[in-house]
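Reading through the structure tokens given below for one structure.
Just so it is clear, none of the values below were taken in a lab; they were calculated from the coordinates. In this text, all values refer to a predicted model and were calculated from it rather than measured experimentally. Note that each Cβ is placed from the backbone with ideal geometry, even for glycine, and that neighbours are counted across all protein chains shown.
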Amino acid sequence: MYSELTIPQLQKLVVKQLSSMFFISKKEIIIIKTILPKVLERVEKCFRKTANKYYHKNNQIYFNPYHSGQYNIFLYYLSNSIYKEYHDLILADKIYYLNKIFNACDIFYEVELPEVFMLDHPVGSVIGRAIYGNYFNFSHGCTVGGNNDLYPTLGENVSMMSDSKIVGTSLIGNNVILAANSYIKNENIPDNSIVFGSSPNLIIKKKIN
């Protein structure tokens, strides 16, 4: 993967950004330095599967930390990796918070997004606890979350258009598109569907091809 910054440069950038907002200890700096190669492996696997032209350059997978969408994904993977491998909740909290400050997108580090997911102008989105299939994609103003501590399950290749929402025990099939402003609560959506409207009065149309 081609990156605009080397790993040491990326480490310095992250540490400087965190230091401008929070107190950062030497131990936390070491954790960031140690985990970065694994985080970038996750970034590469994710970016490899996207057709977005900004994620490829000169026939290579391309990571640009100055592209806010790419950096949003990177910071999520960084906080999630630190949470899983080091169980350092305070450092994970700081990176999660930094991601919200920079990108106005809420992806908590305990949320397990799939190996491959994508976002497009995700300002104002809250992507919460759920089971996510690969190729999940969302835009701005989207919400995935619980209802009475019950959470959705999303199949593969689910796309959420702007301001769409999925909550509760909803079961979303594979190859589903949620139209802009749609709202799904405690409902099952079959494979290969386009969903309009709001529960309990959804309009579900079959996708062609």
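Note that the range 166-172 has calculated 3J(HN,Hα) couplings of 9, 9, x, 7, 4, 10, 9 Hz, one per residue in order, obtained from phi through the Karplus relation 6.51 cos²θ - 1.76 cosθ + 1.60 (θ = phi - 60°); glycine and proline are x.
For residue 42, neighbours were defined as the other residues whose beta-carbon sits under 14 Å from its Cβ, and their charges (Lys and Arg +1, Asp and Glu -1) total 0.
Of the residues 196, 145, 82, the one whose Cα sits farthest towards the positive end of the charge dipole of the chain is 82 (charges of +1 on Lys and Arg Cβ, -1 on Asp and Glu Cβ, taken about the Cα centre). Applied to the range 177-188, the Karplus parametrisation 6.51 cos²θ - 1.76 cosθ + 1.60 on θ = phi - 60° returns per-residue 3J(HN,Hα) values of 10, 9, 5, 3, 6, 6, 9, 10, 9, 6, 10, 9 Hz, with x for Gly and Pro.
Shape of the range 1-160 from its Cα gyration tensor (a ≥ b ≥ c, root eigenvalues): rounded if a/c is under 1.5, otherwise prolate when a/b > b/c, or oblate? Here the range 1-160 falls in the oblate category.
Here's the list of lysines a cross-link from residue 26 could span, going by alpha-carbon distance under 27 Å and ignoring same-chain residues fewer than 8 apart: 12, 16, 38, 84, 94, 100. Think of each Lys and Arg Cβ as +1 and each Asp and Glu Cβ as -1; about the Cα centre, that makes the dipole of the chain roughly 440 debye. Just name one of 69, 133, 96: the one whose Cα is farthest towards the positive end of the charge dipole of the range 51-142 (beta-carbon charges, Lys/Arg +1, Asp/Glu -1). Of the candidates, 69 comes out farthest on the positive side. Tell me whether the range 131-209 comes out rounded, prolate or oblate; compute the Cα gyration tensor, take square roots of the eigenvalues as a ≥ b ≥ c, and use a/c under 1.5 as the rounded threshold. In terms of gyration-tensor shape, rounded.
Here the Karplus curve 6.51 cos²θ - 1.76 cosθ + 1.60, taken at θ = phi - 60°, turns the phi angles of the range 143-155 into couplings of 9, 10, x, x, 9, 6, 6, 10, 10, x, 10, 10, x Hz, with x standing for Gly and Pro. For the range 37-76, what does the alpha-carbon gyration tensor say about shape, rounded, prolate or oblate, given a ≥ b ≥ c as the root eigenvalues, a/c under 1.5 as rounded, and a/b over b/c as prolate? In terms of gyration-tensor shape, oblate.
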